[in-house]
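Structure, as structure tokens:
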Amino acid sequence: MPVHTVAILSGNEFVVSDDRGDLEASATESHGLFHDDTRFLSRWILTINGQHPTLLSIDDLAYFRVRFFLAQATGAVYVDSHLSVQRHRSIEHGLHEEITLINHAHGPAELEVRLDAAADFADLFEVKDKIEKRGECYRELESGQLRFGYRRGTYSRQTVITSSEPADFQGDALVFHVSIPAHGQWSTRLNVATISFARSRAAAEAKSRQAHGVQCPELENSLQQWIAKAPKLSSTWAPLEQIYRRSLVDLAALRFQNPAIPGALPAAGLPWFMAVFGRDSLITSFQALPFVPELAATTLRTLALIQGLVIDNFRDEEPGKIAHELRFGEMTAFEERPHSPYYGSADSTALFLVLLDEYERWTGDRALVAELEPEARAAMDWIDRYGDRDGDGFIEYERRNPQTGLENQCWKDSSDSIAFADGTLAPTPRATCELQGYTYDAKLRSARLAREIWGDTAWADHLERQARQLKQRFHEAFWIPERGFFALALDGRKRKVDSLTSNIGHLLWSGIANTDAAESCVRHLMSDALFSGWGVRTMATSEGSFNPLGYHVGTVWPHDTSIIAWGLRRYGYGQEAARLALGILEAAELFHYRLPEAFAGYARAATLYPVEYPTACSPQAWATGAPLLLVRTLLGLEPQGKYLIIDPYLPEPIGRLELLDIPGRWGRTDAFGRVRVPQ
Amino acid sequence: MLEIGDGAVTVKPGDGEADAVAICDSEESVAAFRRGELNPVVAILRGQLSLTGNLVFAIKVIRGLRTLTPTARGAGAAG
């Protein structure tokens with residue numbers, strides 16, 4: 001997001017404003033108060049005597065609270081302002097704002113304080129894709145409150161604005177006629193409640209009013225407990241401590257509450273993806289397992305609850321398939337978008353099984369694995385029956401919904417991501433290589449669960465046999481001997497899509513590559529064509545579609561590099577893993593300790609700083625999780641039975657790294673690593 | 001009232017205690033559900049369906065009705 005916007009969030013409600021605290025949504029500014037994928041405030045502008053106050057500074061130390069320090073403009077640089085203006089804002093069950101004016105003059109101040117408000121109730125898809133609304137907006141004034149509403153058939157949404165000081169309602173504005181004595185002050189508390197369902201209107205309004213104003217003690221306590229429960233990290237490379245803390249806080253901010261299931265799971269990213277995403281929630285939970293394992297449990301339970309049951313072309317739903325994305329906005333409600341939920345990802349199902357096994361290996365929570373056995377079996381059935389569309393033994397995808405479904409159902413889901421080396425797009429169905437890796441891993445991991453927990457040895461043997469066959473077939477079909485790496489995909493005509501991409505790194509994470517193939521892939525991953533010096537590019541500079549600003553064809557994605565680094569450790573390439581980890585962590589330091597979703601793929605030698613990608617989400621869940629997986633990589637943390645194996649390999653700048661109180665089936669334990677200087 | 005147990009669903013008079021309650025706004029919505037034409041999430045977002053009680057159980061039952069093979073395990077009742 002551009003630097004002149006300020007965002008606070010709490011799960012799936014968030015506010016995006018300018019740096020004065022004003023909201024003025026337009027075709028170019030995605031300002032607003034958003035909740036459940038709907039914009040409940042599109043305008044919220046403070047003026048005093050008809051003038052916008054001037055920004056002095058912003059205190060945004062908590063993710064759910066911000067304070068804007070402003071002053072009444074005097075119109076001349078050499079004339080001091082005599083009026084301080086503070087806007088203290090928080091979000092928790094609606095928006096809460098306390099406006100305080102302090103008169104520093106020797107005489108009284110007579111002021112007209114005006115807040116212009118509006119609510120357009122735009123669905124996030126309408127904001128993103130500039131689509132017109134179809135229903136009817138209205139405004140009501142009743143007993144000291146301003147109510148904006150929207151209705152379309154039985155669908156209704158409302159925004160209710162109240163203030164602690166009596167306001168004069170003028171159209172869409174709240175106006176306060178204020179008289180402040182010399183050296184005195186005035187303040188008012190404003191409450192903006194968001195109401196999604198008419199039946200729960202009274203409860204939502206009451207909950208919003210009871211949210212303790214701008215202090216948010218519940219959120220504050222929850223954050224403190226979250227940080228206190230996480231392992232303690234210290235390092236002689238000081239930025240790592242800041243990056244780690246930032247990751248923990250951002251993960252807390254992205255926690256998404258599901259009313260059906262206790263706990264929270266990570267939403268994908270601010271501002272466009274504050275929703276349950278199968279792939280993103282699964283990968284983020286995997287990255288965070290050694291630190292906050294509870295995220296994984298909620299993610300698995302939630303995705304199990306909405307697992308596909310029937311064949312539904314509109315939603316790309318199939319029995320056993322794990323969901324891609326769940327939305328709550330108007331376009332979803334009227335089936336103008338298929339996200340109720342949408343199932344257009346071909347990898348989430350295998351990743352669900354991968355996380356289920358990894359979660360049990362870390363936590364020893366056999367009960368959850370036993371509880372989810374039916375869903376795990378259904379997921380495996382989907383892989384064999386629907387994931388492999390043509391019976392060739394590979395997972396391939398082609399959307400059932402050609403109007404609003406996703407063309408690419410792998411993590412690189414933009415339309416130009418699966419291209420040959422000469423830049424031509426590969427026809428569908430597409431079987432990307434990492435899908436085969438995830439499936440291989442899922443089969444081996446499920447075999448372990450079948451043998452050790454579900455008591456089904458025959459099924460375990462079957463799954464292991466399938467995995468061995470898949471590995472052999474994969475090498476035969478995907479390996480490009482003349483280039484020495486695995487094809488990005490097989491296209492609809494079973495041709496090898498021969499671009500060199502970061503996807504080959506995921507194969508190391510999954511373990512599907514044999515040793516010789518892995519060695520060759522590692523050489524490519526560490527080459528100048530793929531490794532920018534900050535991280536691994538999504539596509540190598542040598543390929544026809546490469547663009548350092550291409551979303552999936554040249555940018556660097558921190559989560560991608562973190563998965564690759566972990567894969568390198570798996571194959572014994574500790575030094576290379578440490579090099580990748582350091583590149584991403586040094587980039588994080590320059591991004592003020594918060595990694596964006598993606599950044600430009602320019603060579604590090606060309607710029608002193610990593611170059612931003614213009615529309616990257618930040619915070620974004622799996623970018624937030626990347627430093628966590630990199631810490632695991634550097635310390636070589638791997639559960640084995642009831643023990644935690646620690647096998648550190650640190651790059652030289654990170655001389656010493658200590659992680660205390662790592663939770664797991666062993667209770668709590670500590671890990672320590674330091675750079676070994678060769679004798 | 002639906003009573004679910006031992007892999008069977010039984011329709012009973014709605015006068016007992018239920019683990020979860022699903023309220024539809026109209027008979028047309030109920031009929032649309034039964035025909036598989038109304039998606040449960042869509043119905044909730046449009047205000048045509050509300051769920052209370054054990055939400056996990058309620059969601060499993062409502063979604064399961066689409067296949068006429070509810071996936072919820074263990075005995076329970078949904079009104």
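Brief remarks follow.
- Pairs where the first residue, in region B:6-26, is within 22 Å of B:LEU55 (Cβ to Cβ) and the second is hydroxyl-bearing (Ser, Thr, Tyr) and part of a loop (DSSP other than H, G, I, E, B), C-beta under 7 Å, 6+ apart: B:ASP25/A:THR154
- Pick from region A:625-656, criterion touching a Pro at 6+ places or on another chain (Cβ under 6 Å) and touching a residue at least 60 places away in the same chain (Cβ under 8 Å), ranking: surrounded by the most Cβ atoms within 10 Å (Cβ to Cβ): A:ALA626
- All conditions in (1) within 30 Å of A:GLY135 (Cα to Cα); (2) in contact (Cβ under 8 Å) with a residue 40 or more places away in the chain hold for A:GLU335, with the sole exception of (2).
- Restricting region A:556-603 to residues that are out of contact with any helix residue (DSSP H, G or I) (no Cβ under 6 Å at 6 or more places or on another chain) and on the phi > 0 side of the Ramachandran plot leaves a set whose member that is least open to solvent (accessible area, probe 1.4 Å) is A:GLY572.
- Residue match in region A:364-372 (condition: assigned to a loop (DSSP other than H, G, I, E, B) and open to solvent by 50 Å² or more (accessible area, probe 1.4 Å)): no
- Restricting region A:374-419 to residues that are among the small types (Gly, Ala, Ser) and within 14 Å of A:ALA442 (Cβ to Cβ), the residue that is most open to solvent (accessible area, probe 1.4 Å) is A:ALA378.
Matching residues to (1) at pLDDT below 85; (2) surrounded by 17 or more Cβ atoms within 10 Å (Cβ to Cβ); (3) part of a loop (DSSP other than H, G, I, E, B); (4) over 11 Å from the mean Cα position of the chain (by Cα):
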| position | (1), (2), (3), (4) |
| --- | --- |
| B:GLU28 | no, no, no, yes |
| B:ALA31 | yes, no, no, yes |
| B:ALA58 | no, yes, no, no |
| B:THR67 | yes, no, yes, yes |
| B:PRO70 | yes, yes, yes, no |
| B:GLY74 | yes, no, yes, yes |
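- Matching residues in region B:2-26 - criterion: being within 14 Å of chain A (Cβ to nearest Cβ) and modelled with pLDDT of 80 or more: B:ASP19, B:ALA20, B:VAL21, B:ALA22, B:ILE23, B:CYS24, B:ASP25, B:SER26
- Flag if A:ARG139 is of a type outside the set (Phe, Trp, Tyr), within 14 Å of another protein chain (Cβ to nearest Cβ) and outside any helix (DSSP H, G or I): no
- Residues of region A:278-294 include none that is among the basic types (Lys, Arg) and within 14 Å of chain B (Cβ to nearest Cβ).
- Subset tally (residues that are in contact (Cβ under 8 Å) with a residue 60 or more places away in the chain, touching a Gly at 6+ places or on another chain (Cβ under 7 Å) and of a type in the set (A, V, I, L, M)) for region A:499-532: 3
- Qualifying residue in region A:415-427 (condition: under 26 Å from A:LEU490 (Cβ atoms) and free of Cβ contacts under 8 Å to residues at least 60 places away in the same chain): yes
- Of the helices (runs of 4 or more DSSP H) that lie entirely inside region A:413-531, those containing 1 or more residues that are hydroxyl-bearing (Ser, Thr, Tyr) and within 28 Å of A:THR363 (Cβ to Cβ) span A:433-452, A:457-478, A:503-510.
- The set of residues from region B:43-56 being more than 8 Å from every other protein chain (Cβ to nearest Cβ) and part of a loop (DSSP other than H, G, I, E, B) comprises just one member, B:ASN54.
- The listed residue being on the phi > 0 side of the Ramachandran plot and touching a Ser or Thr at 6+ places or on another chain (Cβ under 9 Å), out of A:ASP316, A:ASP357, A:ASP347: A:ASP316
- Test: residue in region A:273-292 that is among the charged types (D, E, K, R), in a helix (DSSP H, G or I) and farther than 22 Å from B:VAL56 by Cβ: yes
- Considering region A:305-341, the residues that are outside any loop (DSSP other than H, G, I, E, B) and either over 20 Å from the mean Cα position of the chain (by Cα) or buried (at least 24 other Cβ atoms within 10 Å of the Cβ) (or both) include one that is nearest to the other protein chains (Cβ to nearest Cβ), namely A:ALA333.
- The single condition among (1) surrounded by 19 or more Cβ atoms within 10 Å (Cβ to Cβ); (2) under 30 Å from A:ALA275 (Cα atoms); (3) not small (Gly, Ala, Ser) that A:LEU659 does not meet is (2).
- The residues listed here are A:THR633, A:THR615; of these, the one that is closer than 14 Å to A:TRP557 by Cα and hydroxyl-bearing (Ser, Thr, Tyr) is A:THR615.
- Taken over region A:264-275, the criterion of being open to solvent by 10 Å² or more (accessible area, probe 1.4 Å) and under 27 Å from A:THR633 (Cα atoms) is satisfied by A:ALA264 alone.
- The residues of region A:1-39 that are of a type in the set (S, T, N, Q) and within 21 Å of A:VAL214 (Cβ to Cβ), listed by number, are A:THR5, A:SER10, A:ASN12, A:SER17.
- For region A:135-148, taking the residues that are in contact (Cβ under 8 Å) with a residue 24 or more places away in the chain and surrounded by fewer than 20 Cβ atoms within 10 Å (Cβ to Cβ), the one that is farthest from A:SER26 (Cα to Cα) is identified as A:LEU141.
- Near pairs, Cβ below 6 angstrom, 6+ apart or cross-chain, from region A:155-177 (within 14 Å of chain B (Cβ to nearest Cβ)) to any residue that is open to solvent by 30 Å² or more (accessible area, probe 1.4 Å) and small (Gly, Ala, Ser): A:SER156/A:ALA198
The values are calculated or read from the model by the stated rules, or taken from the named source; none is laboratory data. Note that the coordinates shown come from a computational prediction; the quantities given were computed from them, not determined experimentally. Note that each Cβ is placed from the backbone with ideal geometry, even for glycine, and that neighbours are counted across all protein chains shown. Side chains included, ligands, DNA and RNA excluded: accessible areas come from the protein's heavy atoms. Shrake-Rupley method; radii C 1.70, N 1.55, O 1.52, S 1.80 Å.
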